[in-house]
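Only one structure is covered here, and it is reproduced in the block below.
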């Protein structure tokens, strides 16, 4: 269900489409699926106001948590767009994201998107009972190194379940066999974020949107997984 909704939203991404239009469409699909948006009205600690949308839409140098409906933007040919969606079903939360291009995008942007998606697959593959949080981060970090991209500083994956953000912290860098040990039944949101430029970030004046400090583009992918013995099951696939 989660992936189907996110995929349908991604199919609406095109030049001339507004970010508010994407959020409106997300709300329509969520209502039709008889689930609830996890982000709408969510207020993390320290935030000045609750998050006002169901969908996060982050364009180009915006890494995550872009607000689509306060000051709507219009997508342009060559943009890359991260779509991040949280859903509540029977009291439990799942979280997933993907990045897509608007029309024809540069070869470098295509590579950035492909590398970040590959890193998500690598991180998930390393998430199994008896492994560690460091194993996940190392797997993601290895893909970034392979493609010569940097990993965003200060943002990470996380536990998820009854709340949008739970323990443990799941960084996108790590040392093998270090950190908390993964146990059967743990639910994690694994979310690599790669950038074309430097790793430093800044928080926008809206209090939610994180951007690259140097204005270079970023890509973001995410799945929610549950540890199930020697593998992890993707709940948002």
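The values are calculated or read from the model by the stated rules, or taken from the named source; none is laboratory data. Fair warning: this is a prediction, and the values are worked out from it, not measured in the lab. Glycine gets a Cβ as well: all are built from the backbone with ideal geometry, and neighbour counts include every protein chain shown.
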### Task
Return only the number of the condition from (1) over 28 Å from residue 111 (Cβ atoms); (2) assigned to a loop (DSSP other than H, G, I, E, B) that residue 233 does not satisfy.
(2)
### Query
Which condition number in (1) touching a strand residue (DSSP E or B) at 6+ places or on another chain (Cβ under 7 Å); (2) surrounded by 21 or more Cβ atoms within 10 Å (Cβ to Cβ); (3) within 21 Å of residue 156 (Cα to Cα) is the one that residue 51 fails?
(1)
### Residues that are surrounded by 17 or more Cβ atoms within 10 Å (Cβ to Cβ), under 19 Å from residue 71 (Cβ atoms) and in contact with a strand residue (DSSP E or B) (Cβ under 8 Å, 6 or more places away or on another chain), drawn from region 23-33
23, 26
### Task
Quick one: which residue in 50, 68 is free of Cβ contacts under 8 Å to residues at least 24 places away in the same chain and in a loop (DSSP other than H, G, I, E, B)?
50
### Task
Would you mind telling me which numbered condition in (1) surrounded by fewer than 20 Cβ atoms within 10 Å (Cβ to Cβ); (2) farther than 17 Å from residue 58 by Cα; (3) free of Cβ contacts under 8 Å to residues at least 60 places away in the same chain residue 108 fails?
(3)
### Task
Give the number of residues within region 95-130 that are closer than 24 Å to residue 224 by Cα and part of a loop (DSSP other than H, G, I, E, B).
5
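Name the one entry in 174, 229 that is more than 18 Å from residue 119 (Cβ to Cβ) and either surrounded by fewer than 23 Cβ atoms within 10 Å (Cβ to Cβ) or touching a helix residue (DSSP H, G or I) at 6+ places or on another chain (Cβ under 6 Å) (or both). Let's see the steps before the verdict.
Numbers: 174 fails: more than 18 Å from residue 119 (Cβ to Cβ).
Result of the check over 174, 229: 229.
Of these, 189, 122, 219, 237, which one is within 19 Å of residue 60 (Cβ to Cβ) and within 16 Å of the chain's Cα centre (by Cα)?
219
Check 12, 20, 36, 76 and return the single one that is free of Cβ contacts under 8 Å to residues at least 40 places away in the same chain and surrounded by fewer than 22 Cβ atoms within 10 Å (Cβ to Cβ). Can you show your working first?
Details: 20 fails: free of Cβ contacts under 8 Å to residues at least 40 places away in the same chain; 36 fails: free of Cβ contacts under 8 Å to residues at least 40 places away in the same chain; 76 fails: free of Cβ contacts under 8 Å to residues at least 40 places away in the same chain.
The unique qualifying residue is 12.
Picking from 179, 130, which residue would you name as being over 18 Å from residue 223 (Cβ atoms), at pLDDT 95 or above, more than 18 Å from the chain's Cα centre (by Cα) and surrounded by 20 or more Cβ atoms within 10 Å (Cβ to Cβ)? Give the steps one after another, and end with the answer.
Details: 130 fails: surrounded by 20 or more Cβ atoms within 10 Å (Cβ to Cβ).
The match here is 179.
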